[in-house]
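What follows is one structure encoded as structure tokens, with my remarks underneath.
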Amino acid sequence: MIKVENVCFKYKGSNNQILNNLNLSVNDGEIVCIVGKNGSGKSTIGKLIAGITKFKKGNIFIDDVNISGGKNVNMVRDNIGIVFQNPENQIIFNSIYDELSFSLKGLSKDEVEKRIDSALKQVDMLGFKDHDLYSLSLGQKQRIMIAEVLAKKPKYIIFDEPTTMIDSEGKEKIYKIMKSLHEAGFTIICITNLADEILLADKTLILDKGSIACEIDKKDLVDKCNVLKKYGIHEPTLLEILSSLKKSGISLDLKDYSLENFVKTISKNLV
């Protein structure tokens, strides 16, 4: 479990308080989306939890271990992986194998091979193991960056706007990966500005003025579309449709908020 308690943060040399007494929790096995307007501090939260950026006021606990003040760095690195918006900013090596093996130093060659193959398989990129990273599309590069995180076997994965720069086909592939990781038991924080990514989450946290203004459980999304609008968050098209149907007296019980499941469910109701 991840707990953020009363965290305040501003960047050095700035008078603007980015985070103000921020409190949030992420339970094991959840996908949690953090949404908010540009500049609201969403990405800062991810960097603080991942130990990339230090903070002085408040506490962050990873499985009851306090990481405030830069403490327990190794524990953070072992348990938390982060995938950023632009995969090209994370690439160190041309070779996919070299890229994935770089953070696996100290392991046996057999273990390195096993982890790389497993990670590439999870992102459907095993056939690209011997390819040059720079020859890939942006979406493929992002999948390799996810594989690099998976090879380290973290418990928690932070996705910081992972599909913002990727075309619609690439987005769908990454959504599929996130769903499969969720099913496999990973705990995921998705920091996003994209409405459709909200549909993946068990709960959505709305960040406003440096703190969590509202927490919406998945089961309440349809009823709380107006809350998303209130804070300037574009609601997913599927939620708009479901909300309109409910106002007309038609309530659909979806297993998940996907177009495929929506079509199946509405087809059954029409028969």
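For this structure, a couple of remarks:
- Taking the stretch 74-106 as the range and being within 21 Å of the chain's Cα centre (by Cα), assigned to a helix (DSSP H, G or I) and under 12 Å from residue 133 (Cβ atoms) as the test, the residues that pass are 87, 88, 100.
- Residue in the stretch 29-45 that is modelled with pLDDT of 90 or more, among the basic types (Lys, Arg), surrounded by 14 or more Cβ atoms within 10 Å (Cβ to Cβ) and part of a strand (DSSP E or B) present: no
- Scan of the stretch 221-239 for residues that are over 20 Å from residue 37 (Cβ atoms) and surrounded by 14 or more Cβ atoms within 10 Å (Cβ to Cβ), ordered by number: 222, 238
- In the stretch 251-269, residue farthest from residue 213 (Cα to Cα) [restricted to those that are over 21 Å from the mean Cα position of the chain (by Cα), open to solvent by 80 Å² or more (accessible area, probe 1.4 Å) and touching a residue at least 12 places away in the same chain (Cβ under 8 Å)]: 269
- If the condition is being buried (at least 20 other Cβ atoms within 10 Å of the Cβ), at pLDDT below 95 and closer than 13 Å to residue 22 by Cα, then the stretch 188-220 contributes only 210.
- Failed item, numbered, when residue 120 is tested on (1) open to solvent by less than 10 Å² (accessible area, probe 1.4 Å); (2) within 27 Å of residue 229 (Cα to Cα): (2)
- Among residues of the stretch 126-145 that are farther than 15 Å from residue 168 by Cβ, those with a Cβ under 8 angstrom from a residue that is among the acidic types (Asp, Glu) and crowded, with 17+ Cβ neighbours inside 10 Å, sequence gap 6+ or separate chain, pair up as 133/99; 144/99.
- Scanning the stretch 96-109 for residues that are farther than 18 Å from residue 181 by Cβ and open to solvent by less than 40 Å² (accessible area, probe 1.4 Å) yields 96, 99, 101, 104.
- All positions within the stretch 54-70 that are in contact with a Ser or Thr (Cβ under 7 Å, 6 or more places away or on another chain) and either of a type in the set (Val, Ile, Thr) or surrounded by fewer than 16 Cβ atoms within 10 Å (Cβ to Cβ) (or both): 59, 60
- Only one entry of 73, 112 meets the criterion of being within 24 Å of residue 152 (Cβ to Cβ), surrounded by fewer than 14 Cβ atoms within 10 Å (Cβ to Cβ) and without any contact (Cβ under 8 Å) to a residue 40 or more places away in the chain, and that entry is 73.
- Residues in the stretch 82-109 that are within 23 Å of residue 156 (Cβ to Cβ) and touching a Phe, Trp or Tyr at 6+ places or on another chain (Cβ under 7 Å): 83, 90, 92, 99, 102.
- Failed item in (1) within 26 Å of residue 173 (Cα to Cα); (2) of a type outside the set (Val, Ile, Thr); (3) part of a helix (DSSP H, G or I), with residue 244 passing the rest: (1)
- Where a residue in the stretch 46-60 is at negative phi and its partner, wherever it lies, is surrounded by fewer than 17 Cβ atoms within 10 Å (Cβ to Cβ), with Cβ under 6 Å and at least six apart: 47/53; 54/70; 57/8; 59/5; 59/66
The values are calculated or read from the model by the stated rules, or taken from the named source; none is laboratory data. As the structure is a computational prediction, the values presented were derived from the model and not from experiment. When we count neighbours, we look across all protein chains shown, and the Cβ atoms used for this are built from the backbone with ideal geometry, even at glycine. Please note that ligands, DNA and RNA were not included when accessible areas were found on the heavy atoms of the full protein model with its side chains. Shrake-Rupley method; radii C 1.70, N 1.55, O 1.52, S 1.80 Å.
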